[in-house]
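Here the structure comes first, spelled out in structure tokens, and everything after it is commentary.
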Amino acid sequence: MNEQQTKIRAMLADRKGILLVHYYARPEIQEIADVLGDSLALAQAAARSDARVIVFAGVHFMAQSAAMLSPEKTVLLPRLDAGCPLADMASPDAVRKMKQAQPDAVFVTYINSTAEVKAECDICCTSSNVIKIIETLPPSKKVVVLPDGNLARHAASVTGRDIAAWEGCCPIHQALTAEDVTARRREHPRALFAAHPECRPETLAVADFVGSTSAILRFAHETKATEIIIGTEKGILTQLAKENPEKTFIPASGALFCADMKKISLDDIERSLATLQPVVTVPRDVSEAAKKALDKMLALS
Ligand code: 13P
């Protein structure tokens, strides 16, 4: 640990705080995490922790979920402008309209959504439990999955269920094409390709494995292959290399970079711990309904 990392760890101890870090965050922040994980693991950690302060190194919807799951804690997001373009692709008004058009459908919202949208939905999911969550729903029910259309289509193809897909996407995963993968395979003919379900269907169709960030880490560890093309944000390469020093990981494209996930720096975390700002809160009327959707997901996970 360098001097600043050591200082941050001491400040966390002073504040009775924990640092929750997503796999896409900067490597120097991943190194000092209390919990380094995917969206589900971070939500579970926020719900279970007895810390007084949670510092989130991720994006806004993750800190909002932590604030709803642990309302008695101070939840800090060191950069409030670390957002998620996908989460902003569904507005509560638009969801309400769709609910009027489909009054009998079950509305499943990806955790990458605003608290206001979660408040309109029946249950949340993440990319690591979407299949499991959908399989618990009565087979006769029509299902709407939002805001990620690619995740919805992937879930429909795995479960065989009638799923209406909202037309949102993560611009970073959406930009990865099957041609990009073909080009990488040409350079690394023995490599397998692991993709995140936020990728477009044509890209997932050429994948050897499809799963969340934690599922990709598991796959990379368990496979006999020694070269793996990675179809998700490049931040995950830090943990992949750490867990599998003997294997080679190849980014499927040079564009798999999420500027929002990289916004938070060690300086931001240090400042945030010194000032206990900026705090993320959710208005009580929104959080009461949104937390129900989150709690249902956690109970099934
Ligand atoms: P995971 O739940 O797989 O970590 O995905 C989070 C995310 O935001 C993907 O873009």
(request) Just grab the label-to-label distance for VAL158 and LYS262, each label 7 Å out from Cα along the Cβ direction, in nm (one decimal). (result) 2.8 nm
(request) Using Cα positions and a limit of under 17 Å, work out the aspartates and glutamates in reach of LYS242, with same-chain residues fewer than 8 apart set aside. (result) GLU28, GLU31, ASP34, ASP38, GLU222, GLU227, GLU233
(message) What aspartates and glutamates does LYS142 reach when the alpha-carbon gap must be under 16 Å and sequence neighbours fewer than 8 apart in one chain are set aside?
(response) ASP104, ASP122, ASP162
(message) Can you tell me which of SER265, SER113, SER287 moves the most in a GNM of the chain? Springs connect C-alpha atoms under 10 Å apart.
(response) SER265
(request) On the full set of protein chains, 1.4 Å probe, figure out the accessible area of LYS263 and give it in Å² to the nearest 10. (result) 60 Å²
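Here are some pairs, LYS16/LYS118; LYS97/LYS292; LYS16/LYS132; which of them have Cα atoms lying more than 23 Å apart in this structure?
LYS16/LYS118; LYS16/LYS132
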(request) In a Gaussian network model over the chain where Cα atoms closer than 10 Å are linked, find which of THR213, THR74, THR223 has the largest mean-square fluctuation. (result) THR223
(request) Express the carbon and sulfur contribution to the solvent-accessible surface of the chain as a percent, rounded to the nearest whole number, probe 1.4 angstrom. (result) 51 percent
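Ranked highest first by average number of other Cβ atoms within 10 Å, how do 167-178, 20-31 line up?
On the way: 167-178: 19.2, 20-31: 21.8.
Going from most to least packed, we get 20-31, 167-178.
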(request) Please work out how much accessible surface SER272 shows to a 1.4 Å probe, ignoring ligands, DNA and RNA, in Å² rounded to 10. (result) 0 Å²
(request) Mind telling me which of ALA225, ALA195, ALA165 comes out most flexible in a GNM of the chain, alpha-carbon contacts under 10 Å? (result) ALA225
(message) Per residue, how much accessible surface does the chain expose to a 1.4 Å probe? Answer in Å², no decimals.
(response) 42 Å²
(message) Please compute the contact order of the chain in relative form: average sequence separation of alpha-carbon pairs under 8 Å and at least six residues apart, divided by the residue count, as a percent.
(response) 23 percent
(request) Show that you can apply the helix-only estimate: for the chain, add -39,500 (n - 2.57) for every DSSP H stretch of four or more residues, divide by all residues, and state [θ] at 222 nm to the nearest 500. (result) -12500 deg cm²/dmol
(message) Give me log10 I(q)/I(0) at q = 0.07, 0.12 Å⁻¹ for the chain, Debye formula, one equal scatterer per alpha-carbon, no solvent.
(response) -0.26, -0.77
(message) What distance in nm lies between label points placed 7 Å from Cα along the C-beta direction at LYS247 and HIS188?
(response) 1.0 nm
(message) If each residue of separation counts as 0.36 nm, what is the full-extension length gain between ARG48 and SER140 once their alpha-carbon separation is subtracted?
(response) 29.7 nm
(message) Just to check, using Stokes-Einstein with a Kirkwood Rh over alpha carbon pairs, what's the diffusion coefficient of segment 35-112 at 10 °C and 1.306 mPa s in µm²/s?
(response) 114 µm²/s
(request) May I have the extent of the alpha carbons of segment 97-176 along their three principal axes, as whole Å values ordered from largest to smallest? (result) 34, 28, 20
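The values are calculated or read from the model by the stated rules, or taken from the named source; none is laboratory data. Please read these numbers as outputs of a predicted model, since none were measured by experiment. No Cβ is skipped: glycine too gets one built from the backbone with ideal geometry, and neighbour counts run over all protein chains shown. These accessible areas exclude ligands, DNA and RNA; they are computed on the full protein's heavy atoms, side chains included. Shrake-Rupley method; radii C 1.70, N 1.55, O 1.52, S 1.80 Å.
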